[in-house]
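*Asks:* My questions will all concern the structure given below.
Derivation of every value follows stated rules applied to the coordinates shown; laboratory data play no part. These figures come from a predicted structure and were not determined experimentally. With ideal geometry, Cβ positions are generated from the backbone for all residues, glycine too; neighbour counts draw on all protein chains shown.
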Amino acid sequence: MDIYLPIAEISENVFVLLLLGGGVGFLSGLFGVGGGFLTTPLLIFIGIPPAVAVATGANQTLAASVSGTIAHWRRGNVDFKMGGILVAGGLVGSVFGVWLFALLRKLGQLELAISVTYVLLLGSLGPLMIVESWRAWRRQGRAGLGLRKLHQHNWLHGLPLKMRFPKSRLYVSALLPFGLGCVVGILSAIMGVGGGFIMVPAMIYLIGMPTLVVIGTSLFQIIFVTANVTFLQATQNQTVDVLLALILLAGAVIGAEFGTRFSSRLRGEQLRALLGAIILAVGVKILVDLFLPPLDVYSLAFAP
Amino acid sequence: MTAPMTRALRHMLIGVAALLALAAHGAPARAQALVADLSDHFIAITTGFIGTDVLLFGAIEGDGDVIVVLRGPNGRELVRRKSRYAGVWLNDKEMPFTGVPTFYSVSSNRPLNEILSPGARMRQEIGLDTLRFAPEKPADGADAALVESFRQALIRNKQRADLYVEDPGKVVFLGARLFRTRVYFPSTLPTGSYTADVYLVRSGAVVSAQSTPLIVSKVGFGAEVYDFAYDWPMAYGALAVILALLAGWAAALVFRRT
């Protein structure tokens, strides 16, 4: 059954879209990630215009992040002070990101920019996850690792504008979460992702936040940033396809349910290695596409 | 499976009925060398739109060849060219064209060049090679060969998207007088006012022509979403955010954890 997507202006098979949303939802349930970094490239692979895929990806990530945020909010796993600064950075970053998006689109380099950012991020994240889970697997069986410091101190902790974050038990520069929020905001606008897969490791390793509040706080930030990206993309580029986002979400909700149930059957390291392999595969596919000669070196651009 | 068949049957019946009506009014039909009509004068792009066929049928008086041109509204197109830099293919040159038909389909009962001379075709813009669109900035300093390669690329890309079609042999005669052709419109069809021009050609000259309008418009839910997104972008953006929040919240309620 085909459905005409009003903003993407093409017909797609509903079941393909539901399956795509369901597949990504399954992975996000399995691994506890947002999955936006898989939704956008997959939408582009099936022929959705990249500009629409990115903006709609952000809209779908917003919807998919709501339930997680509510759950963490209830359990009190959100550092609102840290989250507020991350949001402030995220808003600045996403405003700049959407502006950059429109500029790149005008210059005809948007597809290239999307591909390159995906190759860089997926290409570095995938191998990192595989290596990390392999190490964890090898460590198994060996005795205690000894005492680990709460967090490492480096030059980042010498930045000015220090603030106290009682919930995270930290005294760090506000520039750190602000800058991180900013970077994630830009990526959210250009890649259509929530950015949890960058924010979570950065919060743990760069800022030194306790793992318990990291997920809730990052989801809190993702809600505001993806909402801002959705709004700005809709007003400046008219690229948000609400119908597409809702179909993807319907698939994702069901997929996530199965993913969560299935996750108890797999070990943590295996899960992470598997996700790393999937991420790497998508990154390699995008990389190869950059080098493959196009069907026709000439193309018709979106011309307003 | 049966839907297209009943649709085709309906088209045939309309055609036959129209032709019978023509035959009944023998005298006025004789006065006109060419009569033609479309099975639909309105194409509705609905949420279920996957492209459609429109039947064009008619009758001619005496012998001759028939050419059918379906043309969409003119618009602007931007053509981009990729080049290879360090192995990576990226856009490095672009050329905007104006006066480009958004849709153009020409069908005939024989190859166009056997029916009409290039000069005659050029005058009426019959055939993809006769389309008169030009670069937006003529004094670009670009040489004619470069412009021509971009022009050809535009036509090639449109053909690949089924938006430009040249199909000799698509006009079929049923007997000596009746003819019909089927024009395919893909799901990426641009909206606007189209015209169907039918030409009757006898010994290298157009002896009769008829023009029929065809409207392509988005209707229903999809159209409302599209218009809303472009006319009220602020409200659409806010609604997209609220809808996502509500949908996410509803999803969380449906699969509530214990």
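*Asks:* In terms of the ratio Rg/(2.2 N^0.38 Å) built on C-alpha atoms, what value belongs to region A:184-304? Mind showing how you got there, number by number?
*Replies:* On the way: Rg = 18.1 Å, N = 121, 2.2 N^0.38 = 13.6 Å.
Here the Cα radius of gyration is 1.33 times the empirical estimate.
*Asks:* Further question on the same structure: What is the sum of charges, Lys and Arg at +1 and Asp and Glu at -1, for the other residues whose Cβ falls under 11 Å from the Cβ of B:ASP63? Could the numbers behind the result be given before it?
*Replies:* Values: positive: B:ARG177, B:ARG202; negative: B:GLU61, B:ASP65.
Charge balance near B:ASP63 sits at 0.
*Asks:* Sticking with this structure for a sec: Tell me, what is a quarter of the convex hull surface for the C-alpha atoms of region B:123-214, in nm² with one decimal? Don't jump to the answer; show the numbers that get you there.
*Replies:* Working: hull surface 33.1 nm².
Convex hull of Cα atoms, orientation-averaged projection: 8.3 nm².
*Asks:* So, one more: For chain A, what does the relative contact order come out to in percent, with C-alpha contacts under 8 Å and a separation of six or more? Working shown, then result.
*Replies:* Working: 486 pairs, mean separation 119.7, N = 304.
Here the relative contact order equals 39 percent.
*Asks:* Determine, at each q value in 0.11, 0.12, 0.20, 0.22 (inverse angstroms), the log₁₀ of I(q)/I(0) that the Debye formula gives when each Cα of region B:56-179 is one equal point scatterer.
*Replies:* Listed by q, the Debye log ratios stand at -0.48, -0.56, -1.14, -1.29.
*Asks:* Please arrange B:ILE45, A:ILE222 by counting, for each residue, the other beta carbons lying within 10 Å of its beta carbon, fewest first. It would help to have the intermediate numbers written out before the result.
*Replies:* Details: B:ILE45 26, A:ILE222 30.
The most exposed by this proxy come first: B:ILE45, A:ILE222.
*Asks:* So what does the Cα-only Debye profile of region A:250-304 read at q = 0.28, 0.29 Å⁻¹, as log10 I(q)/I(0), no solvent term?
*Replies:* After summing over all Cα pairs, the log10 values are -1.08, -1.09.
*Asks:* Separate question: Roughly how tilted is helix A:268-291, in degrees to the nearest 10 and between 0 and 90, from the longest Cα axis of chain A?
*Replies:* With both axes taken from Cα atoms, the answer is about 40 degrees.
*Asks:* Shifting gears a bit: What order do you get for B:222-233, B:59-70 when each peptide is scored by the mean count of other beta carbon atoms within 10 Å, highest first? Write out the running numbers ahead of the final one.
*Replies:* Values: B:222-233: 16.2, B:59-70: 20.5.
Highest-to-lowest ranking by the protection proxy: B:59-70, B:222-233.
*Asks:* Going by alpha carbons, how many degrees (0 to 90, nearest 10) lie between the helix axis of A:211-236 and the longest principal axis of chain A?
*Replies:* The answer is roughly 30 degrees.
*Asks:* Which ordering of B:ARG180, B:ARG132 is given by a fewest-first count of other beta-carbon atoms within 10 Å?
*Replies:* Working: B:ARG180 22, B:ARG132 10.
Going from least to most buried by this count: B:ARG132, B:ARG180.
*Asks:* Continuing with the same structure: With Rg and the Kirkwood Rh both taken from Cα atoms, where does Rg over Rh land for region A:49-141?
*Replies:* Values: Rg = 17.9 Å, Rh = 16.6 Å.
My calculation puts Rg/Rh at 1.08.
*Asks:* At what distance in angstrom do the alpha carbon centres of region A:201-218 and region A:242-304 lie from each other?
*Replies:* Centre-to-centre (Cα) distance: 25 Å.
*Asks:* For chain A, evaluate the Debye formula with one uniform point scatterer on each Cα (no solvent term) and list log10 I(q)/I(0) at q = 0.15 Å⁻¹, rounded to two decimals.
*Replies:* Log-scaled intensity ratios, in q order: -1.24.
*Asks:* Specify whether the C-alpha gyration tensor of region A:1-57 places it in the rounded, prolate or oblate class, a ≥ b ≥ c being the square roots of the eigenvalues: rounded for a/c under 1.5, otherwise prolate if a/b is larger than b/c and oblate if not. Write down the numbers at each step before the final one.
*Replies:* Values: a/c = 2.77, a/b = 1.54, b/c = 1.80.
Verdict is oblate for region A:1-57.
*Asks:* Separate question: For region B:91-245, what is the Kirkwood estimate of the hydrodynamic radius, computed as the reciprocal of the mean inverse distance between distinct Cα atoms, to one decimal in Å? Intermediate values should be presented prior to the final figure.
*Replies:* On the way: mean 1/r = 0.0530 Å⁻¹.
For region B:91-245, the Kirkwood estimate is 18.9 Å.
*Asks:* Which whole-number percentage describes the relative contact order of region B:186-258, with Cα contacts under 8 Å and a sequence gap of 6 or more?
*Replies:* RCO, region B:186-258: 21 percent.
*Asks:* Next up: Hey, what angle do you get for helix A:110-139 against the long axis of chain A, alpha-carbon based, 0 to 90 degrees rounded to 10?
*Replies:* The angle comes out at about 40 degrees.
*Asks:* Would you work out the Kirkwood radius for the protein assembly as shown? I mean one over the mean of 1/r across all pairs of different Cα atoms, in Å.
*Replies:* Values: mean 1/r = 0.0372 Å⁻¹.
Result for the protein assembly as shown stands at 26.9 Å.
*Asks:* Next question. Compute the separation of the alpha-carbon centres of region A:35-51 and region B:105-131 and state it in Å as a whole number.
*Replies:* First find each Cα centre; the distance between them is then 41 Å.
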